[in-house]
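This report concerns only the one structure given below.
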Amino acid sequence: MKFLLFTLLSALLVVFLNIVTPYWVVMIALAVLAVLIRPSVWGGFFGGGLGMGLAWLGQTVYISAVTSSTLPDKMGALMGLGSGLSLVLLTAVLGFILGGFSGLLGVMFRNLVQKKRRDVYLG
Amino acid sequence: MKYISFLSVLILTCALGVLASLPFGQIPPLAPLLDPNHGFWQNSFSEDQLAEETLSLENLNAAVEVVYDEQLIPHIYAENELDLYRAQGYITAKHRLWQMEFQTRAAAGRLSEIVGPMALELDRMTRRKGLAYGAEKGISYLTEKDPATLALVEAYADGVNQYIAQLTDARLPVEYKLLNYRPETWSAYKSLLLLKYMSDMLVGDRDLEYSNLKKILGQVNLDRLYPEFPNENDPVIEKERIWDFTTLAPTKPDSLNYPEETLQLEPLAQPTEGTGSNNWAVSGKKTKNGNPILANDPHLSLNLPSLWYSMQLSTPTHTVKGATLPGALGIISGFNENIAWGVTNATRDTRDWYKITFQDASKKAYKYGQEWKPTEFRIEEIQVKGQEVFLDTVVYTHYGPVVYDQSFKADRQDVNFAMRWIVHQGTSNEQKTFMLLNKAKNHADYTEALKEYAAPAQNFVFASKSGDIAMRIQGKFPLKWKGQGKFFMNGADPRMEWQGYIPFEHNANTLNPERGFVSSANQHPVDSTYPYYVFDHSYEHYRNRRLNRELSRMEQITVADMKALQYDSYNLQAAESLPVMLNLLAGHGSASKEAQKYLADLKAWDFFADPAKKGQTLYSIWFAETTESIWRELMEQGAPVMRPNNYQTIALMSASPEDSVFDVHMAEGIQTAQYHVRVGFDSLLVAMKNWEAKEGDYGWADYKKTTIQHLVPNFKAFSVAGVNTGGGSGILNATGSRHGASWRMVVELGSTIKAFGIYPGGQSGNPGSRFYDNFIPIWANGDYVDFDFRKKEDQKGVLFKTTLK
């Protein structure tokens, strides 16, 4: 459940926050979200990854659909990647990696703090 | 353990975040580029999808309305001129910011900042030519003499800068994202620099080559092979014009000494063949509706984003429409409610070279007459991306900058040459000329506007609603004695100085000539009775004659006729030379089947360079190979020289095919023109064999491969290649592979003005927009878009409206 919730909230966070902030602020926000939601280690990684990756994928597909611009194809050719489709995938993969590690970082931080507290409590 | 895993994930995540924001060599930072909210994806939107009803522009006196028509041409309605130009700056930047910035960086010799060391030599050359130096002087001139114009240029700059200040990452032009830099502040200085850049694009000189040719050939042969006037001169100003003024032309001093050495310098880049333009106006007596019609098509390098940007500019007192140059104020080629005007390059050798004799290695003084004159040093600091600053010391004499010295392009020879060029003087006000033309109501206003204009010299064509047509060759032309400035001169001899300038009143011009039309196509300005020295190497010999023949012949002219004439692809050079060549060939090589096929193509050809014509392809290769063969020995003299022009070569081939110039000294026996025509034909067969094996079809458009190239040549995907269109160098539709009609305009000045225009590009500078290259197919077909005036309240054909306030 937490995994799904985290994935969904991650995606929403990316969609709304990324409009006004650069990607690295979104990364920090994803980590904070993971601290709050407390998904598992894997859940943090895949939730954050899927959240950001799918959000970016969705946005590129949306932009391509509403603009029918030739720019993605031109950029693909320019960067030696062939068609615009490869840029859609590259964007999604990059989003996944950045989001995944941000989520994981948040989980790791939470675990760190939690452990300390427990130690204090037990001690 | 938890600490270690946390720390490693922290380090890894930060590293990823940082790595994604860094460029690697030529690869731009990936995350900012791919981020769908800020990166290149955002550049996929076309302008109408991003339309805003109001935008904030400060410092306006009243709100400004901007109405875009369906071609994204903005129509700006302002209450006064300051608001108008502020809005022009803002709107131009909105659609063409990257290009404006890139072009002025090129003009300032600052490309290395963006692209790295590969541009360093180019930047050094640009700076040694002193374009920035000239623009700096231009600003001081405006500050002192014309603060009113300066205020308008500064309003434009403020408009550009307000746009830059509002620019979000999402809207940043994609070129910035790819090259990983940001726009910097615009300034009045940059607008002036852009006009200097146009001079650099349009002005060349062959003084270096002529100096060498004089040594190699001797004066007699030089004059014979490179005559200053052609046999059949068909000048800009009609031959019938009487020059009824007392000339100020100086007489040539006796016993002048020229520099002795054969020059091993690397010649400056010249305006490419095919750079030129046509313009003309026909009077009402030759047109069907009785209204004057004016046409203009400047031929320049074909680039994307296009050099031109269309606009209508309106205040309560004037309305003007046409083509602007992004970065410059007002309309450059266009029409208002009373007049129309257009420009072609008025080629003339106005750039000269002086050998400088320095007193010693410190270069602090140079010889001038009996004295030593002090020099000035200008240190050029060139920022190079990824490297240390490059410092280049340029020595300035009273003539101008020492372009060639031991540290630059003259390493094989210890020589110093200074360049004298009107661009360095800064005592001109080209920007004001265009602003006055925008408001001109009649011929007197037009003449008054041109008084301020110095460089690059242009043939300004004019037509008015009141029925006048006119042409004026305007620039600040130095007074020269016959032959002055044709060769590198001795800078120590004061007699070699320019003797002042041709007075404005003496610049060649004509108003309502008897023949009922005025025209120019970069040919000789005048016939030989004009009392000033007007030498240039690159005068046109074919487009002008074709144009004048057609205009003389035509009656009951319509706008459609004028459009067709701009698109005319008749190859006069081929018509005059191909029969001579076929005759000289006299059956040579015709045993082979291929040769028979090509000869049949050539003989069937009607001399029109239309896209599918094979004859044009075959002729162009055959003629090029023939002239290559004729002048090979001349070109291999080991010093920079250039060939006689095609017109002269053809004149020799047809009138005196046995002339000694055709003899090849290295070959046995005596060669004539026939030998070269046959060598050329053999080369044609080889070239065509390769072409047909590799490319197949050899129709003209498939062969010449017209390409409209993005300003960054590496960005091939942003270029449009293989445009199917006819024409070529020396043809009225001068569209070659990389050059051609960069803007076409036809205006009929009746009671309501009818106007048409087109250029090979689109209104948007954004490669992702549907308005980036949408004009190209229309242009390639010789069609136009409607350029009639629009009123603020017109509702038809509105793409969207924006209010600036």
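Applying the condition of being open to solvent by 10 Å² or more (accessible area, probe 1.4 Å) and outside any loop (DSSP other than H, G, I, E, B) to segment B:393-411 and asking which residue is nearest to residue B:422 (Cα to Cα) yields B:396. The condition (being more than 30 Å from residue B:754 (Cα to Cα) and basic (Lys, Arg)) is satisfied by just one residue among B:563, B:593: B:593. I'd like the residue in segment A:38-56 that is open to solvent by 30 Å² or more (accessible area, probe 1.4 Å) and facing chain B (nearest Cβ under 10 Å) and, out of all such residues, is farthest from the chain's Cα centre (by Cα). This residue is A:41.
Is there a residue in segment B:16-23 that is more than 9 Å from chain A (Cβ to nearest Cβ), open to solvent by 20 Å² or more (accessible area, probe 1.4 Å) and over 35 Å from the mean Cα position of the chain (by Cα)? Break it down stepwise before answering.
Looking only at segment B:16-23, we keep the residues that are more than 9 Å from chain A (Cβ to nearest Cβ), and these are B:19, B:22-23.
Narrowing the set further to residues that are open to solvent by 20 Å² or more (accessible area, probe 1.4 Å) leaves B:19, B:22-23.
Now narrow it down to the ones that are over 35 Å from the mean Cα position of the chain (by Cα): B:19, B:22.
Checked against the condition, which is being more than 9 Å from chain A (Cβ to nearest Cβ), open to solvent by 20 Å² or more (accessible area, probe 1.4 Å) and over 35 Å from the mean Cα position of the chain (by Cα), segment B:16-23 yields at least one hit.
Among the conditions (1) within 17 Å of residue B:39 (Cα to Cα); (2) at the interface with chain B (Cβ under 9 Å from one of its Cβ atoms); (3) among the aliphatic types (A, V, I, L, M), the only one that residue A:107 does not satisfy is (1). The residues of segment B:391-432 that are aromatic (Phe, Trp, Tyr) and over 30 Å from residue B:330 (Cα atoms), listed by number, are B:396, B:399, B:404, B:408, B:417. Restricting attention to segment A:58-87 and to residues that are among the aliphatic types (A, V, I, L, M) and facing another protein chain (nearest Cβ under 9 Å), the residue that is surrounded by the fewest Cβ atoms within 10 Å (Cβ to Cβ) turns out to be A:66.
Out of the strands (runs of 3 or more DSSP E) lying entirely within segment B:450-514, which hold 3 or more residues that are open to solvent by less than 10 Å² (accessible area, probe 1.4 Å)? Give the steps one after another, and end with the answer.
Working: elements: B:458-464, B:469-474, B:509-511.
Here the list reads B:458-464, B:469-474.
When B:35, B:48 are screened for being within 12 Å of another protein chain (Cβ to nearest Cβ), surrounded by fewer than 22 Cβ atoms within 10 Å (Cβ to Cβ) and at pLDDT 90 or above, only B:48 passes.
Within segment A:17-36, can one find any residue that is at the interface with another protein chain (Cβ under 7 Å from one of its Cβ atoms) and out of contact with any helix residue (DSSP H, G or I) (no Cβ under 8 Å at 6 or more places or on another chain)?
Yes - at least one qualifying residue is present in segment A:17-36.
Restricting attention to segment B:337-366, the residues that are crowded, with 17+ Cβ neighbours inside 10 Å and more than 30 Å from residue B:443 (Cβ to Cβ) total 9.
Within segment B:72-85, the presence of at least one residue that is at negative phi, open to solvent by less than 10 Å² (accessible area, probe 1.4 Å), out of contact with any Ser or Thr (no Cβ under 9 Å at 6 or more places or on another chain) and part of a helix (DSSP H, G or I) is confirmed. Of the residues making up segment A:16-37, at least one is open to solvent by less than 30 Å² (accessible area, probe 1.4 Å), under 23 Å from residue B:46 (Cα atoms) and in contact (Cβ under 8 Å) with a residue 12 or more places away in the chain. Mind listing whichever residues of segment A:88-103 are more than 30 Å from residue B:721 (Cβ to Cβ), within 8 Å of chain B (Cβ to nearest Cβ) and open to solvent by 50 Å² or more (accessible area, probe 1.4 Å)? The answer is A:97, and nothing else.
Step by step: first the residues of segment B:667-701, then only those that are among the aliphatic types (A, V, I, L, M) and farther than 18 Å from residue B:653 by Cα, then the one that is farthest from the chain's Cα centre (by Cα). Which residue is that?
First pass over segment B:667-701, keeping only residues among the aliphatic types (A, V, I, L, M): B:667, B:670, B:673, B:677, B:679, B:684-688, B:693, B:701.
Then drop every residue that is not farther than 18 Å from residue B:653 by Cα, which leaves B:667, B:684-688, B:693, B:701.
Working: B:667: 41, B:684: 31, B:685: 35, B:686: 34, B:687: 31, B:688: 32, B:693: 36, B:701: 23 Å.
Filtering segment B:667-701 for residues that are among the aliphatic types (A, V, I, L, M) and farther than 18 Å from residue B:653 by Cα, the one farthest from the chain's Cα centre (by Cα) comes out as B:667.
Scanning segment B:92-120 for residues that are farther than 30 Å from residue B:52 by Cα and of a type in the set (Phe, Trp, Tyr) yields nothing. Checking each residue in segment B:23-55 for being in contact with a strand residue (DSSP E or B) (Cβ under 8 Å, 6 or more places away or on another chain) and not acidic (Asp, Glu) picks out B:51, B:54, B:55.
The values are calculated or read from the model by the stated rules, or taken from the named source; none is laboratory data. Values in this document were obtained by computation on a predicted structure and should not be read as measured data. Virtual Cβ from ideal backbone geometry, glycine too; neighbours counted across all protein chains shown. Each accessible area value is taken on the protein alone, full model and side chains, heavy atoms only, with ligands, DNA and RNA left out. Shrake-Rupley method; radii C 1.70, N 1.55, O 1.52, S 1.80 Å.
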